[in-house]
Structures are given as C-alpha cells and as structure tokens.
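The structure appears below as structure tokens.
The values are calculated or read from the model by the stated rules, or taken from the named source; none is laboratory data. Because the structure is a prediction, the values reported are computed rather than measured. FYI the Cβ positions are ideal-geometry reconstructions off the backbone, even for glycines, and counts take in every protein chain you see.
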Amino acid sequence: MRSSKVKAKPPKAQATGNATDVVLELRLYVAGQTPKSLIALKNLKKICEEHLQGRYRLHVIDLVKTPQLAQDDQILAIPTLVRNLPQPIRKIIGDLSDTQRVLVGLDVRSQAK
Amino acid sequence: MARASKRTKTVAASRAFPQLKKSPSGIAGFDEITGGGLPTGRPTIVCGGPGCGKTMFAMEFLIRGATEFGEPGVLMTFEETGEEISRNVESLGFNVQSLVDKKKLFLDYVRIEPSEIQETGEYDLEGLFVRLEHAVESVGAKRVALDTVEAIFSGFGNPGMLRAEIRRLFRWLKDHGLTTVITAERGERTLTRYGLEEYVSDCVVSLDHRVNDQISTRRMRIVKYRGSSHGTDEYPFLIDKKGFSVLPLSSIRLDHKVSKDRISSGIEDLDTMLEGLGFFRGSSILVSGTSGSGKSTVAAHFADETCRSGKRALYIAFEESSAQVTRNMRSVGINLAQYIKKGLLGFHAWRPSQHGLEMHLLRIHDLVDEFKPQVVIVDPITNLISANLNEVHAMLMRLLDFLKDRQITAMFTTLTANRGAEEQTEVGISSLTDTWILLRDLEVNGERNRCLYVLKSRGMAHSNQIREFVLSRNGVRLLPAYVGSGTVYTGSARLAQEAREKAEALREQQQLEEKRKEFSARRSALESQIAALRSELSSGESEFARLTRQRSERQQRLALDREEMGKIRGVTPANEVLNS
C-alpha cells in the first residue's frame, strides 16, 4: 500500500482449527532508528514468533520517511503498534516490553503455555 | 541558546522605540490593545472556559494571517475535526476549504481515543512532532494554532512524559519561529487546567464569558505580554457574523480633533438658543425627557436637517420600527422616507433585548464603518441601561470616543422617569455628552405641556431660557415661554395669563378715560366759573364807568346850569379866571 518499509510475513500455512483463525494485520509506526523503536521492534518480533505464528502480517512504517501517514493513521505516540484487522482498530503504544499487555491489547489469547 | 539571544535582543529593543516584533492577528481591536498583535515566532496561550471563543480566536488568527498578511498557517485540532471547524467558521464568512486547496492553510485533526489505546512501556509523542513538521513544511506555515493541546492529557497516562513533551513542543515551535496560538481550558484556580502557562511565558490572553442579569458578555484580558506594553483592562469582545472583535477603550487617549463647524439642529428656534448656530460638529448631544415629551421628534428633526443638507445620517431605533417612525414623523411634517429611499438616511431598528450591550455597540460600530454617516442618532439609549450602569458608562464612552474620533455628531435620546431615581442615570451619561437638551412635561391646569431647555452646551453661550415646545403640523416650534413672578406659564395657563394681562390693560385704559372725562368736566366747570367771574368783573367795570360818566355828565350839567344861571345873572369874568 503506502508503506515504504514492508516486512511482510506471509502466513506459512493455514492456522489450526481455532476461532482465532483470522490473520492479524499489524503495523508498527516508528520515527527513525530510535532506541525505543528498536526495542519495540525486537519485542514485537518475539511476541509474533511466540504467539502468532503464521497468523499475522507486519508492516513497519517509518514516519520520518512518510510523515503524511502520521496524520492519515492518527499516530501521536511513538512507537505505536496498530492492529488494523480484524476490526475494530486497536492501538498499543510504548516499547511493547510487557508481553501480556500486548496480547491483551491485540485481543489474542496466548497459545504458548 | 537561540532563545536567550532573542530575549536579550528584545530587552534592548524595548528600550529603544521599536518594540518586540509582532504579528498582526487581524482580529479587530486586538491588535490595538496589544500594540500590534501577537509576539512573532513565539507561542501565545489563549485560555478561557468552555464556549468563550478560544477556537474562534485561533481560527481567525490563522485565517486572517493567510488571507490578509500572506502568512500560511497550520491548525492542529484535538477536539473537533477539520470539517467541523470549517463548518463552524463558514458561518462567519470564512472559506476554510478554499484556503486549504490553495495551500494557505493546513488542517490536522488529532484524534485521541483513550479506549483504543493500550500502553506498554515507554513512548513519546514524536508522532505529534512529525505531523506538525510535515504540516508546517507542506504549506510553508508561519502561524500555528493548537486547539486544545491539553486534550493529550486525557489520552495518555503518563503525565511526566506529557509535560516533558509539551515543553519540547513549545521549544520546537519557538525554534522554528512559528507564531503560535495555543488554546487552553481554564483551570479551577490557575489560568489553565494543566498549567500550560508555566511553559509559555511570552503572552497569555484570558477570555471570559459571563452572564449578568441574563445578558451575556464576553471579556478579554491580556494577562501578560513579555517585552511589550499592552492594555491591562478587561475588554469586551464579540463574535458576530464578521468574526471576532474586541472593543478597545480608545479613550485611553483623550485627544480627538475638535471642530468649530456648527451644524443645525433642524429646529430653528433651538438653533437660536445655541447662539443661533446649532451644535458643534463632532459633538455629542443628549436629549433627555419623560415619555412623550418629544425626544424622537427632536431626533427626527436633526436627521431631517442632516439629510436635507445632503449629508448622511444613521438612525438607530430601539423602540419603533422604521415604518412606524417615518409614519409618525410625517404627522409633524417630517418626511424621512424620501431620505431613506435616497440612501442618505440609514435607518436601523432592533430590539434592545436582542443582544448584550457589546453587541449593540459593535453593531453600531459596524454600521458606522459601513454607512459612513456624519450624524448618528440612537433613540433611545435608555433601553441599553438595563444592565450595570458602570458598564453602560464605559460602553457609551467607547462609542462616543469612536464617533468623536471620526468627527461624527452623535445624538442620543434617553428616557427619564418623572423625578425618579433615573436622574442619577442621566447624570452618569450626561457627563459624557457635550450638549444636554432637556425636555420636560409640565402638568398644570389639567393639561400637560412640553418644555425645552438647554441644560448645558459646552463651548457656547447657550440660552438659559425655558421654552415651550409645541409640536405642530409643520414641525417643532419653541415659543418664548411666559415668565411672570418666577413661574413659567405654558399652554392654557399661558393663554389665561395673557388674557388676564389684556383685561388689566383694558381696565387701566378705561380708568384713564374716566379720569380724562372727569377732568374735562371739571375744567369746563372751572372755565364757566372763570367766565362768570369775568362777566362779574366786566359788569363791575361797566357800572363804574357808568357812574363815572353820570358824574361827569352831572358836573357838566352843573357847569352848564351855572353858565346859564350866570348868563341869566350876567356875570362871566370871575368864572373864567376861576376855571383857568
């Protein structure tokens, strides 16, 4: 779409027969390579690997390069993780250091025990 | 660093004449009280309660900047969407969309929805800066308005971070040299709820909206303006169809030009009382009187006279409609309709309860600016006085100053109660006016008669007479009132007095006539007496003459007899000797 830096992780396989079948469309908004952004990206990747295998698509958007998107997507805090799909939109701000809160924020139940 | 150098420069500059650089807001009146507008390249806080006009102030600052001063602007709004804002100001005649299309204005609505947001870990508001920078760059903005940036406090849960970010934001705005208006909600005890004034110390404007006696008035005060002198009073302001306007008290200086020109009042006899020349041009005239004493008629005469000499008059009526006034004035021989048609007479009538005091006076300001009259008549101002007297005083002073400054002659009528407490009101206003004409009813002998006198008229030797004021089919006439034994007689009392005088004169004349007759009779009597005496005298004289004659005749006869006898005796010589 309009993102510049796309790190898409296409689903490897159809998820197991679960209600949380839907693919999550996630976007992480950062502004340059700031420490907070780097930490957030690292944390997010870890969460996705551990809890959302194959059920997500992730775009990382650098607002320094595409400032227009900050207005279009109503981004104020950096870093912000947005779950665009499924509806409704959810936003998680911060460096995503608290995994449980991120999962609650994304409205996904933890699959890993 | 940049700030420090800027400040020292400012201090140095304020000592010399050219002050701190200012950006005109374009808001009517505001630039006057701040001596030029908002501080250029610095943030200004506009604070106030809900509905006091903060957003309007910010919008007008941006729009005027874009349209009148060639300074594009960015509006970052946290409460209303861009569409809502453009719709709101559309009613004031601003076309926001066209400015956006022309890249003179950039709208960014920052939506903060706490329920959507989950916080985990550290973050900052870099997104806000990215957006602002993008907006500023895309239109080359010189002005920024943040309407109400405090909204972020409700959206995020880390006040320490927010404060740091707000501090950074203001710093950023200054560093970019953006003239900024930041609106803020009033706090309980502080100027702003979140103490934003701590971060912005250059200029703080407080707006207020209060209701007194069911009439709302808006006030503005410059709480602080670093490096600049400014008016410190509370100034009333309005938001009307032309936008935001502040009414400055121009009478800080009392130095309007004065004119020696005179203009006729339209009533010949009244002009006579004013040295035969009428009012000074640019002066203010108060016509006060009880109801039905003919105030409006005096005003209509003045309007009529002004228009007849080809000048423009603005007539503002608070009691009667235009049609009603013109009809009524026709009964005293004044045809105002013709001047309305010719465009010489601007007639505006509205209800006094329609707006608050400021609004009335602002409307008058607007009409004066539009119509450019030489004469303004307000009939009557009494209805405005329902509010606080001090306020009315101040407002009228503003209006009078405004009119005097433009050399416009103002006539106000005011209704006074019969010997009521309102006399005080009169005094309050009358001290502001140059000429005060008083109309008074005298109730004597079962009738009510009108009287007129000039209570004061600055700068001229005005008559001290009380004249009877008569409304006739040909307009107003002032009769010289009958003054006898310290009383003014008017109406039938005057007629009676005049009749009495006439009778008195007649009686005197009759008395004189009688006296004359009496005297002539006496004279004739005396004269006849004189005649009688004279005839007596003459009869005495003739008697005496007769006796004398008789005597001489007798002597003659005696002598003759003697001669005869002598002849008879024959003796002559002895007698002849004796006789010689």
Task: Residues of the stretch B:84-134 that turn out to be charged (D, E, K, R), more than 16 Å from B:VAL149 (Cβ to Cβ) and within 7 Å of chain A (Cβ to nearest Cβ), as a count - done: 3
- [ ] Would you point out which residue out of A:LYS45, A:LYS65, A:LYS12 is part of a loop (DSSP other than H, G, I, E, B) and at pLDDT 85 or above?
- [x] A:LYS65
Task: Residue check for B:THR180: part of a strand (DSSP E or B) and either among the β-branched types (Val, Ile, Thr) or modelled with pLDDT under 90 (or both) - done: yes
Open item on the list: Where the second residue is buried (at least 20 other Cβ atoms within 10 Å of the Cβ) and of a type in the set (D, E, K, R) and the first is closer than 20 Å to B:GLN374 by Cβ and at pLDDT 85 or above and lies in the stretch B:307-323, which pairs have Cβ atoms under 6 Å and are six or more apart or on separate chains?
Closed with: B:ALA317/B:ASP379
Open item on the list: Can you confirm whether B:LEU526 is modelled with pLDDT under 85 and surrounded by fewer than 19 Cβ atoms within 10 Å (Cβ to Cβ)?
Closed with: no
Open item on the list: Could you go through the stretch B:45-52 and let me know if any residue there is surrounded by 22 or more Cβ atoms within 10 Å (Cβ to Cβ), assigned to a loop (DSSP other than H, G, I, E, B) and at pLDDT below 85.
Closed with: yes
Open item on the list: Checking B:SER201 against (1) touching a residue at least 40 places away in the same chain (Cβ under 8 Å); (2) of a type in the set (Ser, Thr, Tyr); (3) surrounded by fewer than 19 Cβ atoms within 10 Å (Cβ to Cβ), only one condition comes out false. Which one?
Closed with: (1)
Open item on the list: Out of the residues in the stretch B:154-163 meeting the condition of being at pLDDT 85 or above and within 13 Å of chain A (Cβ to nearest Cβ), tell me which one is nearest to the chain's Cα centre (by Cα).
Closed with: B:LEU162
- [ ] Being part of a strand (DSSP E or B), in contact with a strand residue (DSSP E or B) (Cβ under 9 Å, 6 or more places away or on another chain), closer than 23 Å to A:ILE78 by Cβ and β-branched (Val, Ile, Thr) narrows it down to one of B:VAL144, B:VAL130, B:VAL136, B:VAL149, so name that one.
- [x] B:VAL144
- [ ] Test A:LEU85 against the criterion of being under 16 Å from A:ALA40 (Cβ atoms) and modelled with pLDDT under 85, and give yes or no.
- [x] no
- [ ] Could you please give the count of residues in the stretch B:69-123 that are touching a helix residue (DSSP H, G or I) at 6+ places or on another chain (Cβ under 7 Å), in a loop (DSSP other than H, G, I, E, B) and more than 18 Å from A:GLN68 (Cβ to Cβ)?
- [x] 9
Task: Scan of the stretch B:53-97 for residues that are more than 39 Å from the chain's Cα centre (by Cα), among the small types (Gly, Ala, Ser) and buried (at least 21 other Cβ atoms within 10 Å of the Cβ), ordered by number - done: B:GLY73, B:SER86
Open item on the list: Based on this model, can you work out whether B:LEU146 counts as of a type in the set (A, V, I, L, M), within 19 Å of B:LEU196 (Cα to Cα), facing chain A (nearest Cβ under 7 Å) and crowded, with 21+ Cβ neighbours inside 10 Å?
Closed with: no
TODO: Collect the residues in the stretch A:91-108 that are touching a residue at least 24 places away in the same chain (Cβ under 8 Å) and more than 7 Å from chain B (Cβ to nearest Cβ), keeping them in residue-number order.
DONE: A:THR99, A:LEU103, A:LEU106, A:ASP107, A:VAL108
- [ ] Answer yes or no: is there a residue in the stretch B:490-500 that is under 30 Å from B:VAL470 (Cβ atoms) and not in a helix (DSSP H, G or I).
- [x] yes
TODO: Residues being under 12 Å from the mean Cα position of the chain (by Cα), outside any loop (DSSP other than H, G, I, E, B) and within 24 Å of B:PHE129 (Cα to Cα): count how many of those fall in the stretch A:78-110.
DONE: 9
Task: Subset of the stretch A:42-90 that is within 14 Å of chain B (Cβ to nearest Cβ) and charged (D, E, K, R) - its residue that is nearest to B:GLU126 (Cα to Cα) - done: A:ASP62
Task: The one condition in (1) assigned to a strand (DSSP E or B); (2) within 27 Å of B:SER430 (Cα to Cα); (3) among the β-branched types (Val, Ile, Thr); (4) modelled with pLDDT of 80 or more that B:THR217 fails to fulfil - done: (4)
Task: Scope the stretch B:186-226; condition farther than 30 Å from B:MET395 by Cβ and among the polar types (S, T, N, Q); matching residues - done: B:THR190, B:SER201
